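So the structure is just underneath, and the comments pick up after that.
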Amino acid sequence: MTQTTLKTTPLHKYHLEYHAQMVDYAGWEMPIKYETSIHDEHTHCRTNGSLFDVSHMGRLSVKGKDAARLFERVCSRRIGDMQHGQCRYSFMCNESGGVLDDVIVNRMDDNEFLVVVNGANREKIIAHMQQVISDRGFDVKFEDRTEKTAMVAIQGPKVMDLLSKVSSELAELKRFRFMVKNLMIMKVIVARTGYTGENGVEVILPASAVSMAINLLQKEAVSIESNLDLKPCGLAARDTLRLEAGLPLYGHELDEETSALAVGMPFAMNLDKSVEADGETFIGQEALLEQQANGGPGPSLVGIEIDSKRTARQGMGVLSGDESVGRVTSGCMSPTLNKSIAMAYVDSSVSEPGSKVAIDAGRTQLEGTIVSLPFYKAPKPAPITS
């Protein structure tokens, strides 16, 4: 039997130097945690600053006169009115309104875009976009830049103070905006986005330069008077952080069988797209409009606080009395809240905050209460010091 060789990111040596526990994640050898505990890594991000290697995520470049039309067709969000330097979160749907992936589209200029996709869906989305290009005859140049670049997320309440010392312009960068900087003779894209619920940025830079850039950034963190201790953080804590922030994860809250309407993120869809106004409707729009006209997609995504230290797992049933009313999609023991939390799709009969439910954990049931998402919202960041 042939053993599959895992891909490694440009920061693989860095992870080993920090004694990371490496695992197979979507075909990449990635750090699940380092020498400390998941709890400690999670808490450090919430209180200080953490560095995540997210180079396994796909980075796809599209240039050409039909680039905007392509993204109008494949994205549920309106794209044509984006400004240069703007990022937008969007779904890519199938014809039935299920989610192929959730993505972030970055508009570089009038005819150039960079889209960041989930690592596990990269090949699927490449094939999907290329099929649309072929079907519509769009005039674009498509390039997969994933393995030519690296991507790191720097997240936490103290990181923007550090980055403002590197570049004063970063202090003025707004959420879901990005800038292209020439630093240390290399082109760097810095976006005010992230997946932890904390303040911070995601940075795309040449694969050959990322190790040097990270080392310089960590030295800079030590030199400034911010008490910032920039530490690496693994995928396990990234998952608990996003769950506290109520952010969906593909393969858990999102998949091809679950309607994009059910996720409860209406800002991520423009169901009023029209051929007349935008040149394209998006794939799945007709199915989603039909679902909306018929009362919605059914179950909706909610949060559950559990009256137990036990953790709910994906696939466990949600009960109201003896009746099955939903299924758990994600669960963890929240390090920040010190309580067990979960996200689940449940029927409308129990979806209101305050509704009492139980999680079917096999031999026992875990009592819980429906709550509004997110479970945790970061405090408003303090002004950046000069």
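Select from the stretch 64-92 the residues that are of a type in the set (Gly, Ala, Ser) and within 17 Å of the chain's Cα centre (by Cα) and list them in ascending order. 76, 90, listed by residue number. When the stretch 317-342 is filtered for residues that are more than 18 Å from residue 257 (Cβ to Cβ) and within 26 Å of the chain's Cα centre (by Cα), the ones remaining, listed by number, are 331, 332, 333, 334, 335, 336, 337, 338, 339, 340, 341, 342. Within the stretch 1-56, restricting attention to residues that are over 21 Å from residue 219 (Cβ atoms) and among the basic types (Lys, Arg), the residue that is surrounded by the fewest Cβ atoms within 10 Å (Cβ to Cβ) is 7. Looking at the stretch 134-150, can you tell me whether even one residue there is in the same structural domain as residue 250 (by TED's automatic domain parsing), modelled with pLDDT of 95 or more and touching a Phe, Trp or Tyr at 6+ places or on another chain (Cβ under 9 Å)? Checked against the condition, which is being in the same structural domain as residue 250 (by TED's automatic domain parsing), modelled with pLDDT of 95 or more and touching a Phe, Trp or Tyr at 6+ places or on another chain (Cβ under 9 Å), the stretch 134-150 yields no hits at all.
For the stretch 68-80, the count of residues that are under 30 Å from residue 259 (Cα atoms), of a type outside the set (Lys, Arg) and part of a strand (DSSP E or B) is zero. Being more than 19 Å from the chain's Cα centre (by Cα) and free of Cβ contacts under 8 Å to residues at least 40 places away in the same chain holds for only one residue in 213, 221, and it is 213.
Taking into account only those residues within the stretch 137-195 that are on the phi > 0 side of the Ramachandran plot and in contact with a Cys (Cβ under 8 Å, 6 or more places away or on another chain), which is surrounded by the fewest Cβ atoms within 10 Å (Cβ to Cβ)? The extreme case among them is 176. Restricting 36, 43 to residues that are in the same structural domain as residue 145 (by TED's automatic domain parsing), in a loop (DSSP other than H, G, I, E, B) and hydroxyl-bearing (Ser, Thr, Tyr) narrows the list to 36.
If only residues of the stretch 132-151 that are in a loop (DSSP other than H, G, I, E, B) and in contact (Cβ under 8 Å) with a residue 24 or more places away in the chain are counted, the one that is nearest to residue 228 (Cα to Cα) is 145. For the stretch 237-280, filtered to residues that are crowded, with 19+ Cβ neighbours inside 10 Å and of a type in the set (S, T, N, Q), the residue that is nearest to residue 326 (Cα to Cα) is 258.
The values are calculated or read from the model by the stated rules, or taken from the named source; none is laboratory data. Keep in mind that what you see is a predicted model, and the values were worked out from it rather than measured. Note: ideal-geometry Cβ built from the backbone for every residue, glycine included; neighbour counts use all protein chains shown.
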